[in-house]
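What follows is a set of notes on a single structure, which appears directly below.
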Amino acid sequence: MGTNEKDDSLTNRQGHPITNNQSIRTVGNRGPATLENYDFIEKISHFDRERVPERVVHARGAGAHGYFEAYGTAGDEPVSKYTRAKLFQEKGKKTPVFVRFSSVIHGGHSPETLRDPRGFAVKFYTEDGNWDLVGNNLKIFFIRDAMKFPDMIHAFKPDPITNIQDSERFFDFCASSPETLHMVTFVYSPWGIPANYRQMQGSGVNTYKWVNSKGEGVLVKYHWEPKQGIKNLTQKEAEEIQGKNFNHATQDLYEAIERGDYPEWELFVQIMSDDEHPELDFDPLDDTKLWPKEQFPWLPVGKMVLDRNPEDYFTEVEQAAFGTGVLVDGLDFSDDKMLQGRTFSYSDTQRHRVGANYLQLPINAPKKRVATNQSGGQMQYKVDRAPGQNPHINYEPSILGGLKETKQEGKEHTPHIEGNKVRQKIDRENNFGQAGQTYREFEDWERDELISNLVNDLKNCHKDIQSKMLEMFYECDNDYGKRVEEGLKNAHVDADDTSGPLGESQTRQAVNKAEEEGHSADPY
C-alpha cells in the first residue's frame with residue numbers, strides 16, 4: 001500500500017490510487033479532454049457495461065418516426081451564415097427522423113409518473129449521414145464534469161442492498177456537489193414530472209458548435225418547444241395516475257399518432273461567439289447553466305412532426321442507438337467536458353448493449369450509401385462495400401481499387417487551443433445564482449410543490465445532509481432556504497418510515513397497508 005493510502009482509499013481496478021476523482025484531464029480547465037484519460041476511460045467503460053442488455057440509464061422509453069422540416073433561416077437571417085449543415089439550408093426541406101423519449105433512472109417497465117428527468121433523443125437521417133441530437137426535457141444537468149457521471153447515477157439509482165431508491169443517497173451526493181442545486185430545483189418542482197411526452201420540452205443540454213462554409217464556428221444550444229403546450233404534474237396527481245396506469249405516457253404518444261393527432265415541436269437555437277465571455281458570471285460551456293434569453297435570443301430554425309408509430313417496439317425503440325458524437329458536416333463539438341465524456345460513453349454503450357454491428361440495424365443505419373473498411377464482429381450480416389470496390393482491399397490508402405477519402409466541402413474548422421494539461425474545475429462555477437433565479441421565476445404553486453417535495457424527502461435524511469442542503473438553499477435564495485428550514489422544523493418524522501422514489505410520501509404506510517388490507521386465500 002502506498003504511503004498516503006488508507007484502507008478506504010479509492011483505487012481503480014489496476015490498484016492505482018485515485019488522487020482526483022472530480023475532473024477529467026483537459027487542456028486548461030475548460031477543455032478539451034485528452035485521450036490518455038485512463039482513470040476516466042476505465043471508470044466510464046465499466047459503468048457502460050453494468051447492465052446487460054438493458055440500458056444503464058434511459059431504460060424506459062417510447063418512440064416514433066416523423067420528419068424535420070427546415071425553415072432555411074435562423075431567426076431573420078439565412079442559416080448559412082452560421083452553419084453549412086445541409087438539412088437546415090432550404091426552406092421546406094424535410095429530413096426523416098426517429099425520436100426516443102425516456103425516463104432516466106429506473107428500469108424498462110418502471111412507472112412513467114416517477115420524478116426523474118426525461119430523455120429526448122432525435123436521430124436525423126440526413127443526406128450526409130445520421131445526426132443524433134441526444135438530450136433531455138430539462139435544459140440543464142446535475143454535473144458539469146463527466147468524471148462524476150457514474151457516481152451521480154449510482155447515487156440516484158436504487159440502493160445496492162435494498163434495491164430501493166433512497167432520497168438520502170440522492171441528497172448525500174448533492175450535498176457534496178453544489179453544482180447540482182439548479183437541477184435539484186427543477187427536478188423537485190412540477191417540472192420533474194412531465195404530464196406526458198407530447199407536452200414536454202426538449203433540449204440538447206450541452207453546448208455544441210455550428211460551422212459555416214468559411215470554417216467559422218459559433219457555440220449553439222438546441223431547444224425543442226412542443227406546439228401542444230407544456231404540462232407538468234404535482235406529486236399527488238402523479239401518484240393518482242400511477243395507481244391507474246403506469247404506462248400512461250407511452251400510451252398517450254401511441255394513441256395520439258394512431259388517431260392522426262401528430263405531435264409537433266419547433267426547434268430553436270441560441271447562438272454565442274466561441275470564446276470565454278468574461279462578461280458572463282458563468283462559463284458558457286457549463287451545462288448546469290441556462291443562457292439568458294435576453295442576451296442570446298431563441299432563433300427558430302425548423303419544426304418536427306411525429307406521424308408514424310413503430311411496427312415493432314424491440315426492433316425499433318429498444319434497439320435504437322444514439323450518440324452525442326454522431327454529427328454531420330456543419331455541426332461540431334464544443335469543449336464542454338460533459339459533452340466530450342458523453343461522446344465516448346454513449347457509442348461505447350451501444351457497442352456493448354446491441355453489438356459491434358449495431359449501425360447495420362435498419363433503425364440505426366443511415367438512409368444513404370455506406371462504404372467502410374470495417375468488418376467482422378458479432379451479428380454482422382453484410383459487408384459495407386462500394387460498387388466496383390476491390391473486395392480484396394480492406395484498407396486505405398491503396399492503388400488497387402480500394403475506398404478513397406472524400407474531399408472536404410467547406411473549409412475545415414480549426415479553433416486555436418493552448419494550455420497546460422490539468423485536472424481542474426472551471427473558474428466560474430457560480431453554483432447558486434441561476435438556481436435562485438429559477439426559484440424566483442417559478443409560479444407560487446410551483447414553489448409550494450417544490451418545498452413540499454424537498455421537505456418530504458429531506459426530513460428523513462441524516463442531519464449533516466440536511467444542514468448542508470439548507471446552507472446551499474440559502475445561498476440560492478434566502479426565501480428558498482427559509483421555507484425548506486421551516487418545513488423541516490414542522491415535519492413529522494416517522495422513524496419507522498422508509499425511502500422510496502423521489503418525492504413520494506408514506507412509503508412505509510403503503511407497505512403496511514398492503515399487508516393489512518390484503519385478502520386471505522387458501523392454497524390451491
Per the Kirkwood definition applied to all pairs of different Cα atoms, how many angstroms is the hydrodynamic radius of the stretch 293-342? 14.9
Pairwise FRET efficiency - Ser273 versus Asp427, Cβ, R0 = 25 Å, nearest 0.05: 0.85
By how many degrees, between 0 and 90 and to the nearest 10, does the Cα long axis of helix 478-490 differ from the longest principal axis of the chain? 40
Mean separation of Cα pairs under 8 Å and 6+ residues apart, divided by the residue count of the stretch 355-507: what relative contact order is that in percent? 15
Which value, in Å³ per residue, describes the convex hull spanned by the Cα atoms of the stretch 440-524? 129
State the answer as a single residue: which of Met183, Phe432, Pro17 lies farthest towards the positive end of the charge dipole of the chain, with beta carbon charges of +1 for Lys and Arg and -1 for Asp and Glu, about the Cα centre. Pro17
Read-out percent of Cα pairs over 40 Å apart, candidates (1) 25; (2) 53; (3) 34; calculated match is (1)
Measure of size requested: the Rg and Dmax of the stretch 25-64, with Cα atoms as the atom set and Å as the unit; please supply both. 14.7, 41
Would you mind calculating the gained length between Asp76 and Lys244 on full extension (0.36 nm times residue separation, minus the Cα-Cα distance), in nm to one decimal? 55.8 nm
For the stretch 324-471, report the translational diffusion coefficient in µm²/s to the nearest whole number, using Stokes-Einstein at 25 °C, 0.890 mPa s, and a Kirkwood Rh over Cα pairs. 113
Please say if the stretch 22-158 is rounded, prolate or oblate, where rounded means a/c under 1.5 for a ≥ b ≥ c the square roots of the C-alpha gyration tensor eigenvalues, and otherwise the choice is prolate for a/b larger than b/c and oblate otherwise? oblate
So what's the angle, to the nearest 10 degrees on a 0 to 90 scale, between helix 248-258 and the longest Cα principal axis of the chain? 40
In the stretch 451-524, which GluC sites (Glu not before Pro) are in a loop and have at most 15 other Cβ atoms within 10 Å, using DSSP for the loop call? none
On average, how much area does the Cα convex hull of the stretch 91-212 cover when viewed from any direction, in nm²? 9.9
So, with a 1.4 angstrom probe, what is the percent of accessible area on the stretch 380-507 that is carbon and sulfur? 45
Relative contact order, percent, the chain [alpha-carbon distance under 8 Å, six or more residues apart]: 20
State to the nearest 20 debye the size of the charge dipole of the stretch 212-292 about its Cα centre, where the only charges are +1 on K and R beta carbons and -1 on D and E beta carbons. 400
Using unit Cβ charges (K, R positive; D, E negative) and no other charged atoms, how large, in debye to the nearest 20, is the dipole of the chain about its Cα centre? 1920
Efficiency of FRET between Glu237 and Tyr262 - r from beta-carbon atoms, R0 25 angstrom, step 0.05: 0.45
Residue span Arg508 to Gln228: 0.36 nm per residue of separation minus Cα-Cα distance leaves a gain in nm of 97.0 nm
Using modelled backbone amide H atoms (1.01 Å from N, in-plane), which distant-in-sequence or interchain residues come within less than 5 Å of Asn136's amide H? Phe120, Ser203, Val205
Provide the per residue accessible area, probe 1.4 Å, for the stretch 114-180, rounded to a whole number of square angstrom. 26
Could you state the accessible area per residue of the stretch 411-524 in Å², with a 1.4 Å probe and every protein chain left in place? 65
Dipole of the chain [Lys/Arg +1, Asp/Glu -1 at C-beta], most positive-end residue of Gly500, Ile161, Tyr82: Tyr82
Kindly identify the stretch 309-394 as rounded, prolate or oblate by the Cα gyration tensor criterion: order the square roots of the eigenvalues as a ≥ b ≥ c, call it rounded if a/c is under 1.5, otherwise compare a/b with b/c, prolate if a/b is larger, else oblate. oblate
Using a 1.4 Å probe on the protein heavy atoms, what percent of the accessible area of the stretch 10-155 belongs to carbon and sulfur? 53
Could you calculate the FRET efficiency of Glu409 with Asp307 from 1/(1 + (r/R0)^6), where r is the beta carbon distance between them and R0 is 51 Å, rounded to 0.05? 0.95
Relative to the chain, whose Cα atoms define the longest principal axis, helix 444-458 and its Cα axis are tilted in degrees, nearest 10, by 70
Quote the charge dipole size of the stretch 104-160 about the Cα centre in Debye, to the nearest 20; the model charges only the Cβ of Lys and Arg (+1) and of Asp and Glu (-1). 240
What is the stretch 143-193 by shape, rounded, prolate or oblate, if you read a ≥ b ≥ c off the alpha carbon gyration tensor as root eigenvalues and call it rounded for a/c under 1.5, prolate for a/b larger than b/c, and oblate otherwise? oblate
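The values are calculated or read from the model by the stated rules, or taken from the named source; none is laboratory data. None of the values given here were measured: they were computed from a predicted structure. Ideal geometry is used to build each Cβ from the backbone, glycine not excepted, and the neighbour counts take in all protein chains shown. Surface areas here come from the heavy atoms of the whole protein model, side chains and all, with no ligands, DNA or RNA. Shrake-Rupley method; radii C 1.70, N 1.55, O 1.52, S 1.80 Å.
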